Amino acid sequence: MKITLDSFLLLTFLWLTAACQPKQKVDYIIHNVRLFDGVEVREEVSVVVDDGKIVDITSEIGRYIAEEVIEAGGYTIIPPLIDAHVHISSLAQLHASLREGVFAVVDLHSPPGVANKLKASRDSFLHASLLSSGPALTVAGGHGTQFGAPIPTVTKEREPRTFVADRVKEGADLLKIIREPMLPTLDYETIGALIKASHQFDKLAVGHISTAGDATKISELGIDVVSHIWLDRKMTDEELSLLQEKKPFVIPTLLVTRELLQFREKQGGANHYLPFQDIRQEVNRLHKAGITLLAGTDAPNLGLKFGESLITEMKLLVSVGLSETEALKTATVKPIQAFGLDQNLLPRRGHSANFILVEGNPTVDITSLQKIKEVWVMGKRTKK
Ligand SMILES: [Zn+2]
């Protein structure tokens, strides 16, 4: 290219204008970091944080003066994690979650009033946020009633819609519907009516299942999210096609399933379940069929830990055939999509500075998630 005097003067003018621009003062620059924003991985970028917000993600930091530059070569920023299946009873559980980078949990059954109390008393800098179904929809003597705390149960005498209306009035963010044939359970007709009523109130319906047949049937009835992988038999190709068509999200809860099988084996009663290897294979089939999986733990059932167990769940999802980034999505973008959560839970320009700084590269080695160095909550750093 031939540079004329005119264009030379223009370029010089532009350069001088840029050079003379006052630099923008910011709180932090996380320099030279790898960033997984929930969709793509970017290498060697700088994340600029000011006043609790991500003001820029760039490879050009010349225009900023930061109070602190954090050299983060060899580290990765990932989005906050979300646990799609827990049972909540205390602020300590929400605190333990956030400390491990789990910014939001979905409570799928807790005694009446518990979630409301926790939501009212939680501190956004200290505790994970909470989405809750409140008490699950089940029948007298059914699954969900065996844990001690009295809960209302669905009866034939009242319209299914009334039960959903009651939960919504109590503040439920979504509905949990139990189909568990090991105990007395809701019939399909009632489940269909409960799903319909949930949708009329503009709420998601999450279904608990333990059998392949029930997973298929409640999907056919329009459930939005299926919780747990089935244990009784392999799904037929026809059943799997129906799930493909209906597209429910599925929370396999592999870790708690593995623990349950081990627990039952010790009791000598595990032989009518699929072996864990086959259960893993079923999750692989779902994934291959394009069904969206969500990471959920079912903590604190069977001793699972808030926060920590979600990382083990993601490791198990990688072991059944998901790539590392796919596994990370099951606890980040996918639950945001499934539950309509706040987009500020993704580290993007203009969003609140919520993210996790991890040593190593969890986008190729999921075990790096055991090396969380810092959790950033709305721009505030918590070192581990
Ligand atoms: Zn559960």
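The values are calculated or read from the model by the stated rules, or taken from the named source; none is laboratory data. Worth saying up front: this structure is predicted, and the values here are computed from it rather than measured. Backbone-built Cβ (ideal geometry, glycine too); neighbour counts: all protein chains shown.
Observations, loosely collected:
- Residue check for Leu293: under 22 Å from Leu194 (Cα atoms), in contact with a helix residue (DSSP H, G or I) (Cβ under 9 Å, 6 or more places away or on another chain), away from the ligand (no atom under 16 Å from the Cβ) and at pLDDT 95 or above: no
- Conditions (1) under 30 Å from Leu94 (Cβ atoms); (2) outside any helix (DSSP H, G or I): number failed by Met314: (2)
- For the stretch 55-78, a residue qualifies if it is among the hydroxyl-bearing types (Ser, Thr, Tyr) and farther than 29 Å from Thr367 by Cα, and exactly one does: Tyr64.
- Residues of the stretch 124-134 include at least one that is within 16 Å of the ligand (Cβ to nearest atom) and assigned to a loop (DSSP other than H, G, I, E, B).
- Among the criteria (1) more than 16 Å from the ligand (Cβ to nearest atom); (2) assigned to a strand (DSSP E or B), the one Asp83 does not fulfil is (1).
- Only one entry of Val105, Val69 meets the criterion of being touching a strand residue (DSSP E or B) at 6+ places or on another chain (Cβ under 9 Å) and over 25 Å from Lys334 (Cα atoms), and that entry is Val69.
- In the stretch 27-56, the residues that are more than 18 Å from Arg381 (Cα to Cα), of a type in the set (A, V, I, L, M, F, W, C) and either outside the structural domain of Val364 (by TED's automatic domain parsing) or in a strand (DSSP E or B) (or both): Phe36, Val41, Val45
- Some residue of the stretch 290-304 being β-branched (Val, Ile, Thr), surrounded by fewer than 17 Cβ atoms within 10 Å (Cβ to Cβ), free of Cβ contacts under 8 Å to residues at least 60 places away in the same chain and assigned to a loop (DSSP other than H, G, I, E, B): no
- Long-range neighbours under 7 Å by Cβ, at least six apart or interchain, first residue assigned to a loop (DSSP other than H, G, I, E, B) within the stretch 62-80, second of a type in the set (Phe, Trp, Tyr): Pro79/Phe355; Pro80/Phe103; Pro80/Phe355
- Cβ-Cβ under 7 Å pairs, at least 6 apart or on other chains, the stretch 191-217 side of a type in the set (D, E, K, R), far side not in a loop (DSSP other than H, G, I, E, B): Lys203/Val168; Lys203/Leu175; Lys217/Tyr188
- Residue list for the stretch 88-113, restricted to those being within 16 Å of the ligand (Cβ to nearest atom), buried (at least 22 other Cβ atoms within 10 Å of the Cβ) and more than 11 Å from the chain's Cα centre (by Cα): Ile88, Gln93, Ser97, Asp107, Leu108, His109, Ser110
- Near pairs, Cβ below 9 angstrom, 6+ apart or cross-chain, from the stretch 255-272 (modelled with pLDDT under 90) to any residue that is away from the ligand (no atom under 12 Å from the Cβ) and assigned to a helix (DSSP H, G or I): Ala270/Leu261; Ala270/Gln262; Ala270/Phe263; Ala270/Arg264; Asn271/Arg264; Asn271/Glu265
- Qualifying residue in the stretch 220-232 (condition: at pLDDT 95 or above, away from the ligand (no atom under 16 Å from the Cβ), out of contact with any Lys or Arg (no Cβ under 9 Å at 6 or more places or on another chain) and part of a helix (DSSP H, G or I)): no
- Among the residues making up the stretch 144-169, those that are assigned to a loop (DSSP other than H, G, I, E, B) and in contact with a Ser or Thr (Cβ under 7 Å, 6 or more places away or on another chain) are Gly144, Thr145, Ile151, Thr153, Val154.
- The stretch 191-219, residues that are buried (at least 20 other Cβ atoms within 10 Å of the Cβ) and more than 16 Å from the ligand (Cβ to nearest atom): Ile191, Leu194, Ile195, Ala197, Ser198, Ala212, Thr216, Ser219
- Whichever residue in the stretch 233-259 is more than 28 Å from Gln200 (Cα to Cα) and assigned to a helix (DSSP H, G or I) and, among such residues, is nearest to the ligand (Cβ to nearest atom): Val256
- Inspection of the stretch 183-196 finds a residue satisfying the criterion of being part of a helix (DSSP H, G or I) and among the basic types (Lys, Arg).
- Just one of the listed residues (Phe163, Phe147, Phe249) is over 26 Å from Leu286 (Cα atoms) and surrounded by 16 or more Cβ atoms within 10 Å (Cβ to Cβ), and it is Phe163.
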